[in-house]
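Reviewing the structure listed below.
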């Protein structure tokens with residue numbers, strides 16, 4: 001199969017790295033990590049696929065996101081399933097909001113029921129750098145401290161060739177589930193899914209208002225022309 005962003009190709013990669021890949025805590029020959037920047041349900045698809053191949057990964061979750069509410073009942077179920085599949089949940093911090101990482105990390109672990117000390121910065125080079133307590137393990141430091149080669153699919157493109165061409169190396173792979181789980185052009189995906197978020201929000205409010213009207217708890221007024 002040619003190199004492409006698809007679950008089928010990702011499964012080929014998993015076959016190649018089986019037995020050598022694991023979480024940021026395990027620090028095997030290949031550290032497999034995911035930044036959940038957009039839509040947690042995409043991450044769940046990849047978590048299930050990795051579990052099928054006996055591979056564990058670290059999933060970095062944003063507490064502040066324009067794209068999803070990490071603490072919504074729907075997403076809390078997703079985190080629970082990802083964790084139950086054996087994967088690691090870790091904090092994906094944003095320097096615009098998470099000013100005290102010690103406090104934010106403690107809250108994150110309590111809410112998502114994880115003990116991971118691993119963290120990663122969201123949008124490196126764009127969001128502000130902040131102090132990292134010595135009790136936490138930043139992903140960027142892992143690369144330097146343990147001499148891993150860094151491979152990422154950020155923005156939906158490769159800097160050093162597809163991950164499938166590096167599977168025999170010692171590396172840390174940063175994967176963004178959004179690029180792998182759909183068949184459209186990666187940048188079209190974001191646009192399409194942005195509209196889906198708007199539609200879900202609109203439908204929620206329409207349903208809620210209609211339900212209240214049925215119960216006659218919301219007065220309906222008419223305006224004269």
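The values are calculated or read from the model by the stated rules, or taken from the named source; none is laboratory data. What you see is a predicted model; the values in this text were computed from it and never measured. Neighbour counts run over all protein chains shown; Cβ positions are idealised from the backbone, glycine included.
Tell me whether segment 91-99 contains one or more residues that are in the same structural domain as residue 57 (by TED's automatic domain parsing), within 15 Å of the chain's Cα centre (by Cα) and surrounded by fewer than 16 Cβ atoms within 10 Å (Cβ to Cβ). No, segment 91-99 contains no residue that is in the same structural domain as residue 57 (by TED's automatic domain parsing), within 15 Å of the chain's Cα centre (by Cα) and surrounded by fewer than 16 Cβ atoms within 10 Å (Cβ to Cβ).
Here is a check on your reading of the model: is residue 42 in a helix (DSSP H, G or I) and in contact (Cβ under 8 Å) with a residue 40 or more places away in the chain? It would help to see each step written out before you state the result.
Values: in a helix (DSSP H, G or I): yes; in contact (Cβ under 8 Å) with a residue 40 or more places away in the chain: yes.
When the stated conditions are applied, residue 42 passes them.
Has segment 192-203 got at least one residue that is at pLDDT 80 or above and within 21 Å of residue 29 (Cα to Cα)? No, segment 192-203 contains no residue that is at pLDDT 80 or above and within 21 Å of residue 29 (Cα to Cα). The residues of segment 26-55 that are farther than 13 Å from residue 173 by Cβ and in contact with a strand residue (DSSP E or B) (Cβ under 6 Å, 6 or more places away or on another chain), listed by number, are 36, 43. Are there any pairs with C-beta distances below 6 angstrom linking a residue in segment 104-116 that is in the same structural domain as residue 81 (by TED's automatic domain parsing) to a residue that is surrounded by 14 or more Cβ atoms within 10 Å (Cβ to Cβ) and assigned to a helix (DSSP H, G or I), with the two at least 6 apart or on different chains, and if so which? Cβ pairs passing all conditions: 112/79. Suppose we keep only residues that are closer than 18 Å to residue 167 by Cβ and within 16 Å of the chain's Cα centre (by Cα) within segment 25-46. Which one would you say is surrounded by the fewest Cβ atoms within 10 Å (Cβ to Cβ)? Among residues in segment 25-46 that are closer than 18 Å to residue 167 by Cβ and within 16 Å of the chain's Cα centre (by Cα), the one surrounded by the fewest Cβ atoms within 10 Å (Cβ to Cβ) is 33. When 63, 49 are checked against the criterion of being within 21 Å of residue 8 (Cβ to Cβ), surrounded by fewer than 22 Cβ atoms within 10 Å (Cβ to Cβ) and in the same structural domain as residue 152 (by TED's automatic domain parsing), 49 stands alone in meeting it.
Restricting 59, 68 to residues that are in a strand (DSSP E or B) and touching a helix residue (DSSP H, G or I) at 6+ places or on another chain (Cβ under 8 Å) narrows the list to 59.
Going through segment 1-24 one residue at a time, which ones are assigned to a loop (DSSP other than H, G, I, E, B) and either within 12 Å of the chain's Cα centre (by Cα) or closer than 15 Å to residue 175 by Cα (or both)? Talk me through it step by step, then tell me what you get.
Residues of segment 1-24 that are assigned to a loop (DSSP other than H, G, I, E, B), as a first pass: 1-6, 18-20, 23-24.
Within segment 1-24, 3, 4, 5, 6, 23, 24 qualify.
Flag: residue 111 matches the condition of being outside any loop (DSSP other than H, G, I, E, B), more than 16 Å from the chain's Cα centre (by Cα) and surrounded by fewer than 22 Cβ atoms within 10 Å (Cβ to Cβ).
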